[in-house]
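Down below is the structure, laid out as C-alpha cells.
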Amino acid sequence: MTTALPIGPVAGPAQDGGPVVAAAAVAKQYGSGDGVVHALRGVDLTVRRGEFVAIMGPSGSGKSTLMHLLAGLDGPTSGSILLGGRQIAGLGDAQLTALRRDRIGFVFQAFNLVPTLDVLGNVLLPFELRGRGPSRDERAFIDRLLDELGLTDRLHHRPRELSGGQQQRVAIARALAGRPDLVVADEPTGNLDSRTGREVLRLLAGASSRHGRAVVMVTHDPVAASHADRVVLLADGRIVAEHGRMTAEAVATAMLGLEDGR
Amino acid sequence: MSAVATASRERRRRRSEDDGPGHASGIAVAALASAFGVALLQGTGLIAAAVGADPVTGSSGTVAVLLRLTGLVFVVIAVYASAVVTTNTFAVVVAGRVRMIALRRLLGATAAAERRAVAREGLLVGAVGAAIGLVAGTAAVAALFGAGRALGALDGTAWSPADPIALVPAVGVLLTTWLAARIGSRRVLAVTPMQALGGAEEASEEETRASRVRSMIALVLVVLGAGLLAVGIGIGSTDASGLLIAFAGGVVSFNGIVLGAHLVIPRTLRLVGRLTGSSPTARLAAENAVRHPVRSTRSTVGLLVSVTLVTTFGVAIRTFGDMITAASGADPLYYAGVDAALNLVTAVFSVLIGFSAVIAGAGLVHSLSLGVLQRTRELGLLRALGFTVQGLRRMVLAESGQLVMTAVVLGLLLGTVYGWAGAHAMLGASPGMPGLLFIGVPWVLVAVVVAGGLLLTAVASVAPSRRATRVSPVQALGAD
C-alpha cells in the first residue's frame, strides 16, 4: 500500500506553520495535602501545523498527563493551553466534549474501535456525534482517505474481522476524517509488530507533512520517535530536552541518559 | 485522614467496581421471590382460617385446599421467573470475573473446582435470599393478622405463622437459585489460563451457539402447541372440553417460545431497535442490545413470561365477559354486575402474576449494569470522540427501553392470542355465542402494561446510567 495521504483543505484557524496548540507554564496536580502528586510542573510546548512531535519519557514522567491536557481530555491545575488560538484551560466538560469532537482526532494503542460498528460506521462516527452526516465534499475526502489507506474493500467488516494493522488504519482514518486541527496518538504502535508499526508511523508522518495536521504522539519506543520531526523528552513533570529529527539510536541514548540522571 | 488511607480506600472502591455487579441483585431476586411466595401461602392460610371460623362456609375444607392450590400456581410462576433471572445474574457475575478466574487457573486451579466455587456461592445467595423472604413474607401476613384482630374483623380466627407450607417457596427458591447458579456458571469451564496474560480486551461473553437440537425442540413444541390450540378451539365450538386441549396447547407452545427465545427475541430486538430512530445514540443502543443475544434474551424472557401471562388472563376474561354479555342480549344491569366481578378478578390476577415482572426488572438492571461495566473503554472512547454525558444517558435509556419494549410487545401479542383462544375454547359451544373473530381487549390493562414498561425502562436505567456517566474519556486511553 502507499503511504501517501490526500491533501484536504485547511481546517480551523491555524495558518501554514502557525501554532495549533500552545501550552504555557502548564502544571497538573493530583490529590492534595501529603498525598499530592505533581504530574506536570510547568511545561511549555508549542506544536505547529504540519509538525509531527513525539513526546517521550520514562514511566511517571508526565507524558500521558501532558497528552490528556493537550487533547482536552482533562484540565490543567494551572497554566494556559491555547488550541487554535482558543483558551481551553478551565473549560467545562460539555465545551471540552464539543472541542474534542470538532478539533481533535485520536489514535490509541488498543485501536479502540467500536466493536458493534463496521469500518465505515467507525470512520463516520465523529460526524454522527456532531449530529450531521459528512457534506458531499467531506464524503469525497473520506472516500479518498479510505482508498489511500487500503480500506475500500473492508468497509463493511467489523473490527474483529480485521488484523491489528488494519484496525489501526481504520483508527487513523477515523482520526483524520473530520480534518481536525490536532491528531493525538497514544503509543500507536504498542500493539503492532514492527513492520505494521512502521507502516502506521509513516501514515502519521504523512498526516502531518502531506496533510498539514499537527500530530502529537506519546511513545516509549525509540524507533517510533525516530519518525517524528521533533522529539520532546519529559522527566519528573518537566521538559528536559528537545531535539529535531533523531535516529532511533540517538533517542535510545538520550532516554538512557534520563534514566541514569534520576 | 492520611493520604495513604485515602489512597487505599480509593483503591478498594475501584476494585469493588471492577469486580462488577456482585451478588446483591442475586440475593434481591431470591428474597423477592421467596417473600412473595411465603406471603401468598401464609396469606391463603390466613384466609382459609378466617373462612373456617365462619359457621356457614367453614364446614368444608375444599375452600382451603383450592386457595392453597391457586396460591401455589402463582408461587411457581414467581420462582420460575426468579430462576431465569438468577441464571443470567450468575452468568454475568462470572463474565465480570474472567480475569480473576483465568489467573487462578494459571496458578493451578481446575476448571471444575472454580465452577463448584461459583455454585457454592449460588447456594449461599439462595439461602440468604430465601431466609430474608421467609421472615419478610411471614412478617407481612402476621402484621395483616394483627391489624385484622385489632379491627375486630378476625375474631375467632386461629392462625399461627408457624405453618410448614410456608417453607415450600423458601426451599424452592433455595434450590432453584443453586441450580441457576450451576447453569449460569457453565462458562467458567470456557475460561482458559491464557486469558490472564492477555491485554485488557472486553471480557467477551461466549455466546453459546444455540444448539440445533434446542431450536428443533422449540420449533416442534410451538408447532405442536399451535396445533393443539387450533384443535381445542375447534372442539370448543361444539363441546366445552376443548378448553383442556387448548390449555395444553397453550402451555406446550409457550414453553416452545421460551425455549426458542434466543431465535425470537434478538430478531424482535433488532426490529424494535430500528423503530427507535436513526440517531447515533439510538443506533449504538440498538447494536448494544443485540451484541450479546444470549444475555439480552435471558434478561427479557422473564419479563416476556409475566407480560404474556397477565395479558392472557386479561384478554381471556375480557373476551369471556363480552361473549356472555353478547349472548345474554346485553341486559345493561346484568352486564354491570359481570363487568365489576371480572374486573376485580383481572386486577387480582394481574397483580399476582405481575409480581414476577418486578423480579424480571431486577435482572434487567443487573444485565444493563454489566453491559456498561464491560464497555468502560468503549464508553470512554465515545466520550473522547465527543459523545456528551447526556448522550451516554440517552444511550443507556434507549437500550433499556428496547429490551423492555421487546418483551412488552411480544408478550401483548402472545397473550392476546392465548386469551382469545382460551375464551373461545371455553364458551364456543354455548348457545348464542358470537363468532370466532370476536375478541375483547382489556384496554385499561394494556395501558397499565405499557405504562409499567415505560416506568421499568426509566427505573432500570438509573443505576447503569450513573455508572456510564462516571466513565472519564481518559479511561479509553489507559491500557488498564
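A few notes on this one:
- Candidates B:Arg377, B:Arg467, B:Arg383 - the one that is within 14 Å of chain A (Cβ to nearest Cβ), open to solvent by 20 Å² or more (accessible area, probe 1.4 Å) and within 30 Å of A:Ile104 (Cβ to Cβ): B:Arg377
- Qualifying residue in segment B:234-251 (condition: more than 28 Å from B:Asn88 (Cα to Cα) and in contact with a Phe, Trp or Tyr (Cβ under 8 Å, 6 or more places away or on another chain)): no
Yes/no matrix, rows are residues, columns are (1) on the phi < 0 side of the Ramachandran plot; (2) among the acidic types (Asp, Glu); (3) within 14 Å of chain B (Cβ to nearest Cβ); (4) part of a helix (DSSP H, G or I):
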residue	(1), (2), (3), (4)
A:Gly190	yes, no, yes, no
A:Val200	yes, no, no, yes
A:Leu204	yes, no, no, yes
A:Val216	yes, no, yes, no
A:Arg245	yes, no, no, no
A:Ala250	yes, no, no, yes
A:Met255	yes, no, no, yes
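- Unmet criterion (only one of (1) within 20 Å of B:Arg377 (Cβ to Cβ); (2) among the aliphatic types (A, V, I, L, M); (3) at pLDDT 90 or above) for A:Leu155: (1)
- Residue among B:Gly273, B:Gly277 that alone is out of contact with any helix residue (DSSP H, G or I) (no Cβ under 7 Å at 6 or more places or on another chain), within 14 Å of another protein chain (Cβ to nearest Cβ) and either at positive phi or among the small types (Gly, Ala, Ser) (or both): B:Gly277
- Residue satisfying condition, being in contact (Cβ under 8 Å) with a residue 40 or more places away in the chain and under 25 Å from A:Glu128 (Cα atoms), within set B:Val409, B:Val441, B:Val474, B:Val448: B:Val474
- Residue within segment A:53-63 that is open to solvent by 40 Å² or more (accessible area, probe 1.4 Å), at the interface with chain B (Cβ under 8 Å from one of its Cβ atoms) and in a loop (DSSP other than H, G, I, E, B) present: no
- Residue under evaluation B:Val310, criteria (1) surrounded by fewer than 21 Cβ atoms within 10 Å (Cβ to Cβ); (2) modelled with pLDDT of 80 or more, criterion not met: (1)
- Boolean, A:Ala171 is open to solvent by less than 30 Å² (accessible area, probe 1.4 Å), within 30 Å of A:His220 (Cα to Cα) and either without any contact (Cβ under 8 Å) to a residue 40 or more places away in the chain or not in a helix (DSSP H, G or I) (or both): no
- Flag if A:Ala185 is in contact with a Pro (Cβ under 7 Å, 6 or more places away or on another chain), within 14 Å of chain B (Cβ to nearest Cβ) and either touching a residue at least 40 places away in the same chain (Cβ under 8 Å) or open to solvent by less than 10 Å² (accessible area, probe 1.4 Å) (or both): no
- Any hit, segment B:322-341, residues being under 30 Å from B:Ala360 (Cα atoms) and touching a Gly at 6+ places or on another chain (Cβ under 8 Å): no
- Qualifying positions in segment B:258-301 - hydrophobic (A, V, I, L, M, F, W, C), surrounded by fewer than 22 Cβ atoms within 10 Å (Cβ to Cβ) and farther than 23 Å from B:Gly391 by Cβ: B:Val258, B:Leu259, B:Leu263, B:Val264, B:Leu271, B:Val294
Here's the yes/no breakdown for (1) without any contact (Cβ under 8 Å) to a residue 60 or more places away in the chain; (2) over 25 Å from B:Arg377 (Cα atoms); (3) within 8 Å of chain B (Cβ to nearest Cβ):
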site	(1), (2), (3)
A:Ser78	yes, yes, no
A:Gly85	no, yes, no
A:Gln95	yes, no, no
A:Ile104	no, no, no
A:Phe108	no, no, yes
A:Val114	yes, no, yes
A:Leu117	yes, no, yes
A:Glu138	yes, yes, no
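- Taken over segment B:411-454, the criterion of being open to solvent by 60 Å² or more (accessible area, probe 1.4 Å), at pLDDT 85 or above and within 16 Å of B:Gly321 (Cα to Cα) is satisfied by B:Trp420, B:Trp443, B:Val444.
The values are calculated or read from the model by the stated rules, or taken from the named source; none is laboratory data. Worth saying up front: this structure is predicted, and the values here are computed from it rather than measured. Positions of Cβ are generated from backbone atoms using ideal geometry, with glycine treated the same way; all protein chains shown enter the neighbour counts. Side chains included, ligands, DNA and RNA excluded: accessible areas come from the protein's heavy atoms. Shrake-Rupley method; radii C 1.70, N 1.55, O 1.52, S 1.80 Å.
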